[in-house]
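Written out below as structure tokens is the structure these notes cover.
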Amino acid sequence: MKMRYISLLSCVFLVSVVLKAQSLSGVFAKKYPIGAAVSSFMLKNPSIDSLLRLHFSSLTPDNEMKPEVTEPQEGVFHWTGADAIVHFAQQNHMKVRGHCLVWHQQTPNWFFEDHGKQASKKVLYEHMKEHIFAEVGRYKGKVYAWDVVNEAISDNGKSIYRTESPWYKIAGKDYIAQAFRYAHQADPKAVLFYNDYNVFMPAKRAKIYAMLKELLKEGVPVQGIGIQGHWSIYEPSEKELKETLQLFASLGLKIQITEMDVSVYHWEKNERAMRPGEQIVWNDSIANIQAARYAMFFRVFNEFPKVITGVTFWGVTDNYSWLNNYPVRGRRNYPLLFDKFYQEKPAFHAVINSQR
């Protein structure tokens with residue numbers, strides 16, 4: 001009986017070792033948190049629940065900490081979705097990244113208004129402070145990092161900043177520094193990130209670098225850059241990615257890949273209708289190309305062990321990806337490590353093997 005008991009324990013141990021060897025969070029445990037962006041309704045899906053518990057050590061609310069959700073009307077707060085995600089994370093010993101406090105999109109109009117008129121800079125900052133103190137204060141000690149300002153840099157032209165943003169129209173570029181100061185006051189221990197996409201593109205990269213260098217010179221408490229990994233099987237190149245990581249590492253900032261997925265289509269931003277014959281049919285060839293891209297990205301990450309402090313996938317399975325129907329209406333995409341049937345894709349194994 002004793003021998004059978006020891007044998008049973010040995011089997012349990014071996015099973016746990018095998019699971020850990022094939023677990024993303026297990027493979028990356030000594031490097032950095034591996035995260036997933038989720039919505040609270042996804043947590044009710046048993047298959048998603050299982051994948052999260054096995055493979056991820058960090059969660060990010062994809063929408064449920066954005067201002068239009070948490071404070072749709074001034075002083076009227078909706079915390080249900082964000083609370084559910086934070087609670088799930090705490091139950092499962094996961095970290096939480098907050099996303100995001102200040103953005104030109106998904107922010108209700110009342111932030112920029114004062115009794116039906118455009119708010120002054122003073123009133124805008126009052127709204128900003130009250131919102132940041134309410135949200136960051138609620139999750140103090142539970143959210144370890146925040147995307148404080150999201151996508152403030154212009155994609156086009158010579159302008160550094162996104163001048164069409166209502167934040168910029170009222171306060172100019174100073175709103176960025178102010179947001180970081182308020183976030184730091186609300187939770188001095190939280191790690192504060194500036195977050196943006198297409199950071200690997202030379203022109204935009206230079207703009208972001210210039211902004212962050214200026215903020216640091218002024219003593220603004222920005223501590224990291226979130227590089228949105230909305231990439232594809234076509235871009236960025238290995239050279240572009242390395243140059244980007246080297247540049248921001250030179251500022252002494254922490255780097256996190258905050259929104260990782262690898263589209264099977266070329267990058268586009270503007271929404272449009274799908275063209276005839278444009279829908280790619282998922283097959284082994286596409287799967288292997290995508291896997292090779294994921295492997296390359298993570299091999300590059302390995303070259304920056306003291307700089308990269310986290311990677312977050314923007315979703316868990318292909319059927320819940322934001323890239324389905326965006327930017328091309330009606331078009332399916334396949335950008336994540338698990339398919340619509342919750343099964344591991346070649347990309348999953350490529351990421352695991354990139355660490356061996």
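The values are calculated or read from the model by the stated rules, or taken from the named source; none is laboratory data. Because the structure is predicted, anything quoted here is derived from the model rather than measured. Because the Cβ atoms are built from the backbone with ideal geometry, glycine has one as well, and the counts that use them run over all protein chains shown. For accessibility, only protein heavy atoms count, side chains too; no ligands or nucleic acids. Shrake-Rupley method; radii C 1.70, N 1.55, O 1.52, S 1.80 Å.
The one condition from (1) open to solvent by 60 Å² or more (accessible area, probe 1.4 Å); (2) within 28 Å of ALA295 (Cβ to Cβ); (3) part of a loop (DSSP other than H, G, I, E, B); (4) of a type in the set (S, T, N, Q) that ASN198 does not meet is (1).
Note on the stretch 201-220: among residues that are of a type outside the set (A, V, I, L, M, F, W, C), more than 20 Å from the chain's Cα centre (by Cα) and at negative phi, the one that is least open to solvent (accessible area, probe 1.4 Å) is LYS207. Residues PRO346, PRO276, PRO305, PRO335: which one is surrounded by fewer than 16 Cβ atoms within 10 Å (Cβ to Cβ) and touching a residue at least 12 places away in the same chain (Cβ under 8 Å)? Checking each option against the conditions leaves just PRO305. Among the residues here, GLN246 qualifies as of a type outside the set (Phe, Trp, Tyr), open to solvent by 10 Å² or more (accessible area, probe 1.4 Å) and outside any loop (DSSP other than H, G, I, E, B).
With respect to the conditions (1) in a loop (DSSP other than H, G, I, E, B); (2) of a type outside the set (Ser, Thr, Tyr); (3) open to solvent by 40 Å² or more (accessible area, probe 1.4 Å); (4) at pLDDT 95 or above, VAL281 falls short on a single one, namely (4). Taking the stretch 67-110 as the range and being surrounded by 20 or more Cβ atoms within 10 Å (Cβ to Cβ) and out of contact with any Pro (no Cβ under 9 Å at 6 or more places or on another chain) as the test, the residues that pass are THR70, ALA89. Helices (runs of 4 or more DSSP H) fully within the stretch 1-63 that include at least 2 residues being modelled with pLDDT of 95 or more and touching a helix residue (DSSP H, G or I) at 6+ places or on another chain (Cβ under 7 Å): 24-27, 46-55.
PHE193 passes every criterion in (1) in contact with a helix residue (DSSP H, G or I) (Cβ under 7 Å, 6 or more places away or on another chain); (2) in contact (Cβ under 8 Å) with a residue 60 or more places away in the chain apart from (1). From the list LEU245, LEU212, LEU253, the one residue that fits, being among the aliphatic types (A, V, I, L, M), touching a residue at least 60 places away in the same chain (Cβ under 8 Å), out of contact with any helix residue (DSSP H, G or I) (no Cβ under 6 Å at 6 or more places or on another chain) and under 27 Å from TRP322 (Cβ atoms), is LEU245. For the residues VAL136, VAL148, VAL143, the requirement of being in contact with a Leu (Cβ under 8 Å, 6 or more places away or on another chain), within 21 Å of ILE257 (Cβ to Cβ) and buried (at least 17 other Cβ atoms within 10 Å of the Cβ) singles out VAL148.
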